[in-house]
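The values are calculated or read from the model by the stated rules, or taken from the named source; none is laboratory data. All figures in this text were calculated on a predicted structure; none of them were measured in a lab. All Cβ positions, glycine included, derive from the backbone under ideal geometry; neighbour counts span all protein chains shown. In case anyone asks, the SASA skips ligands and DNA or RNA and just uses the protein heavy atoms, side chains included. Shrake-Rupley method; radii C 1.70, N 1.55, O 1.52, S 1.80 Å.
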Amino acid sequence: MERLVRSCFRQGGYVFAQKAEEIAAKYGGARIAQLASNENPDPPSVLAVTAAEKALPVSNRYPDERVDILIKALKSRYGDYHYLTGAGMDGIIETLIRTLVESGETVAVATPTFSFYGLAAMAQGAHVTSVPRDLNTFSIDPEHLARAGKTAKVTVLCSPNNPTGNATPVDDVREVLEVIGGVLFLDNAYVEFSDHDYLRLMKTYDNLVIGRTFSKVHSLAGLRIGYAFAPSWLVPYYQRASTPFAVNTVSAAAAAGALDDPDHPKRYITQVKGWRARFVNEVKFPVLPSDANFVLVDVSPYTGDQMVENLAQRGVVVRSCRSFAGLPDHYIRVSVGKDWENELFIKAINGI
Ligand SMILES: *Cc1c(COP(=O)(O)O)cnc(C)c1O
């Protein structure tokens, strides 16, 4: 019966991180350092949890399709922009491409990067054009990306970039926005860990969508909630293309609650900034400078897969970068976790 499945889903797909419980079962480690998925290791803010608990008993009703509670909280936190919401930023990426891209049209992506843009584009029958980053610095060539974006319906730039960690200067983003023929999707999943401010571009450009998520700095990965800053013309069409009620009541309440507690993200941001520097200084393999809550480590002569296995044996789960197309196979990506997790990682990798 598999012949019935569309060809774009017969191979590949999203590659998930290894499960800590499975590593523990395999190697018998007592405590496993979970540094593979760029999550905030702290539980969510009490304000988020309380708001979620209050929302649960009314879950017999469908959610508010306008997600008012969250839009209000976003406006009071970030200002009077137009917002999109979705089941994770992944949900927003999927819906945005569905809103804009006809089968046979082009999506241009600066690579190596997060894989889901390409997967979502292919599911829409789009052609994906990869625009390679510099393989030493991983910076983009804005002229090159802008040129590819001239004929693309959507151009995708991740900054700070997953998995390389570097951010793109705002002037380079501006250069791309000036030239492209479609929409720029700027993925800001990690922007809170950087000192870059792209939001001011929203005032000038009506071809820019900036994606954000509650999964990383806000500790709500399990609730699947993302948002985006968007030009006003796009909002009603995005809503038409979306599945009805894409954001559930509990997640919307939790996210709004999270925005009421600015100290929660601040604690982790401080933790990240300190440990990024320590990783660079203390790990014996080259660690790339990062603007995100993870670092890319060049583990050659090992492959990423070999290093992941070596570290798993020592109780540390990290991400091999083999699945990131366009990146050589000798890299791992390591999230900043709790102190003991980061310490265990440094000890483990330096012992290899
Ligand atoms: C984690 C991540 C996302 C997805 O976030 P969700 O809101 O959990 O779907 C999007 N983009 C990048 C680059 C990410 O690393």
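Summary of values
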{"item": "Per-region count, the range 7-37, residues under 26 Å from Tyr117 (Cβ atoms), without any contact (Cβ under 8 Å) to a residue 12 or more places away in the chain and either in a helix (DSSP H, G or I) or more than 26 Å from the chain's Cα centre (by Cα) (or both)", "result": "1"}
{"item": "Single unsatisfied condition, Ile92 versus (1) assigned to a loop (DSSP other than H, G, I, E, B); (2) in the same structural domain as Pro236 (by TED's automatic domain parsing); (3) in contact (Cβ under 8 Å) with a residue 60 or more places away in the chain", "result": "(1)"}
{"item": "Considering residues of the range 186-211 that are touching a residue at least 60 places away in the same chain (Cβ under 8 Å), of a type outside the set (A, V, I, L, M) and open to solvent by less than 20 Å² (accessible area, probe 1.4 Å) only, the residue nearest to Tyr268 (Cα to Cα)", "result": "Phe193"}
{"item": "Residue check, Phe214 over 23 Å from Gly326 (Cβ atoms), touching a Phe, Trp or Tyr at 6+ places or on another chain (Cβ under 9 Å) and either open to solvent by less than 10 Å² (accessible area, probe 1.4 Å) or within 11 Å of the ligand (Cβ to nearest atom) (or both)", "result": "yes"}
{"item": "Criterion: open to solvent by 20 Å² or more (accessible area, probe 1.4 Å), under 23 Å from the mean Cα position of the chain (by Cα) and in the same structural domain as Thr168 (by TED's automatic domain parsing) - qualifying residue of Ser115, Ser103", "result": "Ser115"}
{"item": "Residues being part of a helix (DSSP H, G or I) and either in contact with an Asp or Glu (Cβ under 8 Å, 6 or more places away or on another chain) or open to solvent by 20 Å² or more (accessible area, probe 1.4 Å) (or both) - total across the range 61-84", "result": "9"}
{"item": "Test: residue in the range 122-140 that is open to solvent by 20 Å² or more (accessible area, probe 1.4 Å), within 12 Å of the ligand (Cβ to nearest atom) and assigned to a helix (DSSP H, G or I)", "result": "no"}
{"item": "Val58 modelled with pLDDT of 95 or more, in the same structural domain as Leu186 (by TED's automatic domain parsing), touching a helix residue (DSSP H, G or I) at 6+ places or on another chain (Cβ under 9 Å) and open to solvent by less than 40 Å² (accessible area, probe 1.4 Å)", "result": "no"}
{"item": "Residue list for the range 247-270, restricted to those being surrounded by fewer than 22 Cβ atoms within 10 Å (Cβ to Cβ) and assigned to a loop (DSSP other than H, G, I, E, B)", "result": "Asn248, Asp260, Asp261, Pro262"}
{"item": "Filter result for Asn40 (farther than 23 Å from Ala221 by Cβ and in a loop (DSSP other than H, G, I, E, B))", "result": "no"}
{"item": "Pairs with Cβ under 8 Å, 6+ apart, first in the range 126-152 and farther than 15 Å from Thr113 by Cα, second surrounded by fewer than 15 Cβ atoms within 10 Å (Cβ to Cβ) and among the hydroxyl-bearing types (Ser, Thr, Tyr)", "result": "Ala126/Ser103"}
{"item": "Scan of the range 195-220 for residues that are within 14 Å of the chain's Cα centre (by Cα) and of a type in the set (Val, Ile, Thr), ordered by number", "result": "Ile210, Thr213, Val217"}
{"item": "Filtered residue count, the range 274-297, keeping only those that are over 23 Å from Phe324 (Cβ atoms) and open to solvent by less than 80 Å² (accessible area, probe 1.4 Å)", "result": "3"}
{"item": "Residue among Ala87, Ala73 that is in contact with a Gly (Cβ under 9 Å, 6 or more places away or on another chain), away from the ligand (no atom under 16 Å from the Cβ), in contact (Cβ under 8 Å) with a residue 24 or more places away in the chain and within 30 Å of Asn207 (Cα to Cα)", "result": "Ala73"}
